[in-house]
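First the structure, in the form of structure tokens, and then the observations on it.
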Amino acid sequence: METEHITAMVTGGSSGLGEATVRKIVRNGGRALIVDQDVEKGKALADELGVNALFMKTDVTAVQEVESALDEGVKTFGSINVVVNCAGIVTGEKVLGRDGPHDLSSFSKIIEVNLIGTFNVIRLAAERMQSNEPNDEGERGVMINTASIAAFDGQIGQAAYSASKSGVAGMTLPISRELARYGIRVMTIAPGLFETPMFQKLPPEARSALGNMTPFPQRLGRPYEFAQLVLSVIENAMLNGEVIRLDGAIRMQPK
Ligand SMILES: NC(=O)c1ccc[n+]([C@@H]2O[C@H](COP(=O)([O-])OP(=O)(O)OC[C@H]3O[C@@H](n4cnc5c(N)ncnc54)[C@H](O)[C@@H]3O)[C@@H](O)[C@H]2O)c1
């Protein structure tokens, strides 16, 4: 799909990897529907980018809110042919902590937002994408999800986060197989350590120590590098049903 034809719904688009993706798509001549719970940052970004960006306050786990965002996006831009799922949360908690076993509600919450929220957006967007006009390749849409390297080398304390992200990685192939008949591709990116607001909450020493663990380049990833890969995936029609690590060759240790 060519960049100027992109009309993308970007969840988690107010911040970090999602924000960088929104900026890249609009800068390359596409349009972006920013879907996020953070109203202040989302509105400011849409205002800054002008007519090719629209913000909708949306919780990705809420069926009605995702429906409304998609409807508004289709009304404003004519269709949605790309979905980039970046909305996500992270916590750390041990199975056997100092105060007792892992809280079950915090485990469920991570699964609900990261895995069920991603699936909710995929299923509702697919329903609309199936009636898009196909391009010359027969392509009606592209969906790109965000997992994490924690899906494969999760550390101690990441049981919930890793479970949610390996769920995202695991559903990539079956969904891409199913949606192939509609000309919709499904891909997942598994980022390593990226310098985003999620990460900036850590003290500077911890951030640079984590950056140094990455073989090359020996630093944290920059959000625009994630956005670059998103654009490559959108443009390259042969990429389908796969999870791509974007991590400078880091393999995380147990802790
Ligand atoms: N930063 C990293 O190093 C890193 C590494 C691997 C994976 N990831 C994943 O990348 C994605 C983006 O992370 P980021 O680093 O840009 O974080 P971020 O905190 O900067 O952005 C996440 C955005 O998601 C939004 N969000 C959270 N819950 C939501 C919900 N229920 N509905 C709608 N929006 C919601 C937040 O408001 C926020 O704007 C996440 O899925 C994260 O797990 C990040």
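The values are calculated or read from the model by the stated rules, or taken from the named source; none is laboratory data. As the structure is a prediction and not an experimental result, all values here were calculated from the model. Every residue, glycine among them, receives a Cβ derived from its backbone with ideal geometry; neighbour counts consider all protein chains shown.
Quick check on my filter: what residues within segment 189-219 are in a loop (DSSP other than H, G, I, E, B) and more than 7 Å from the ligand (Cβ to nearest atom)?
Going residue by residue through segment 189-219, those that are in a loop (DSSP other than H, G, I, E, B) are 192-193, 195-196, 201-203, 213-219.
Those that are in a loop (DSSP other than H, G, I, E, B) and more than 7 Å from the ligand (Cβ to nearest atom): 195, 201, 202, 203, 213, 214, 215, 216, 217, 218, 219.
Yes/no matrix, rows are residues, columns are (1) within 15 Å of residue 161 (Cβ to Cβ); (2) surrounded by 22 or more Cβ atoms within 10 Å (Cβ to Cβ); (3) among the hydroxyl-bearing types (Ser, Thr, Tyr):
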position	(1), (2), (3)
74	no, no, no
83	no, yes, no
91	yes, no, yes
103	yes, no, no
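In segment 83-95, is there at least one residue being of a type in the set (Asp, Glu), over 20 Å from residue 127 (Cα atoms) and away from the ligand (no atom under 16 Å from the Cβ)?
Keep residues of segment 83-95 that are of a type in the set (Asp, Glu), which gives 93.
From the residues that got through so far, the ones that are over 20 Å from residue 127 (Cα atoms) too are 93.
From what's left, away from the ligand (no atom under 16 Å from the Cβ): none.
The answer is no; no qualifying residue exists.
Per-residue answers, yes or no, for (1) more than 30 Å from residue 137 (Cα to Cα); (2) surrounded by fewer than 19 Cβ atoms within 10 Å (Cβ to Cβ); (3) modelled with pLDDT under 95:
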{"residue": "185", "(1), (2), (3)": "no, no, no"}
{"residue": "188", "(1), (2), (3)": "no, no, no"}
{"residue": "194", "(1), (2), (3)": "yes, no, no"}
{"residue": "199", "(1), (2), (3)": "yes, yes, yes"}
{"residue": "212", "(1), (2), (3)": "yes, yes, yes"}
{"residue": "226", "(1), (2), (3)": "no, no, no"}
{"residue": "251", "(1), (2), (3)": "yes, yes, no"}
{"residue": "254", "(1), (2), (3)": "yes, yes, yes"}
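Looking at 148, 108 in this structure, which one is farther than 13 Å from residue 9 by Cα, at pLDDT 95 or above, surrounded by 14 or more Cβ atoms within 10 Å (Cβ to Cβ) and within 15 Å of the ligand (Cβ to nearest atom)?
Values: 108 fails: surrounded by 14 or more Cβ atoms within 10 Å (Cβ to Cβ).
Going through 148, 108 in turn, the sole match is 148.
If the requirement is being within 15 Å of residue 11 (Cβ to Cβ), charged (D, E, K, R) and out of contact with any Lys or Arg (no Cβ under 6 Å at 6 or more places or on another chain), which of these qualifies: 127, 72, 133?
Values: 127 fails: within 15 Å of residue 11 (Cβ to Cβ); 133 fails: within 15 Å of residue 11 (Cβ to Cβ).
One residue alone meets the criteria, 72.
For segment 183-209, which residues satisfy the criterion of being more than 15 Å from residue 246 (Cβ to Cβ) and in contact with a helix residue (DSSP H, G or I) (Cβ under 8 Å, 6 or more places away or on another chain)?
Across segment 183-209, the qualifying residues are 184, 185, 186, 197, 198, 200, 202, 207.
Restricting attention to segment 160-176, and to residues there that are within 10 Å of the ligand (Cβ to nearest atom) and of a type in the set (Ser, Thr, Tyr), which single residue is surrounded by the fewest Cβ atoms within 10 Å (Cβ to Cβ)?
Among residues in segment 160-176 that are within 10 Å of the ligand (Cβ to nearest atom) and of a type in the set (Ser, Thr, Tyr), the one surrounded by the fewest Cβ atoms within 10 Å (Cβ to Cβ) is 161.
Here is a yes/no grid of residues against (1) of a type in the set (Val, Ile, Thr); (2) under 29 Å from residue 112 (Cβ atoms):
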position	(1), (2)
144	yes, yes
152	no, yes
158	no, yes
165	no, yes
171	no, yes
181	no, no
184	yes, yes
249	no, no
253	no, yes
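How many residues are part of a helix (DSSP H, G or I) and among the hydroxyl-bearing types (Ser, Thr, Tyr) when one looks only at segment 122-173?
The total comes to 5.
Of everything in segment 1-19 that's polar (S, T, N, Q) and within 15 Å of the ligand (Cβ to nearest atom), which residue is surrounded by the fewest Cβ atoms within 10 Å (Cβ to Cβ)?
It comes out as 15.
When residues of segment 20-44 are filtered for being under 19 Å from residue 66 (Cβ atoms) and surrounded by 22 or more Cβ atoms within 10 Å (Cβ to Cβ), how many remain?
Residues flagged as under 19 Å from residue 66 (Cβ atoms) and surrounded by 22 or more Cβ atoms within 10 Å (Cβ to Cβ) within segment 20-44 amount to 9.
I'm checking my understanding of the structure. Among residues of segment 31-47 that are more than 8 Å from the ligand (Cβ to nearest atom) and in contact (Cβ under 8 Å) with a residue 40 or more places away in the chain, which one is farthest from the chain's Cα centre (by Cα)?
31
Being in contact with a helix residue (DSSP H, G or I) (Cβ under 7 Å, 6 or more places away or on another chain), part of a loop (DSSP other than H, G, I, E, B) and more than 15 Å from the ligand (Cβ to nearest atom) narrows it down to one residue among 239, 179; which is it? Explain how you work it out, then say what you get.
Working: 179 fails: part of a loop (DSSP other than H, G, I, E, B).
Criteria check complete, one pass: 239.
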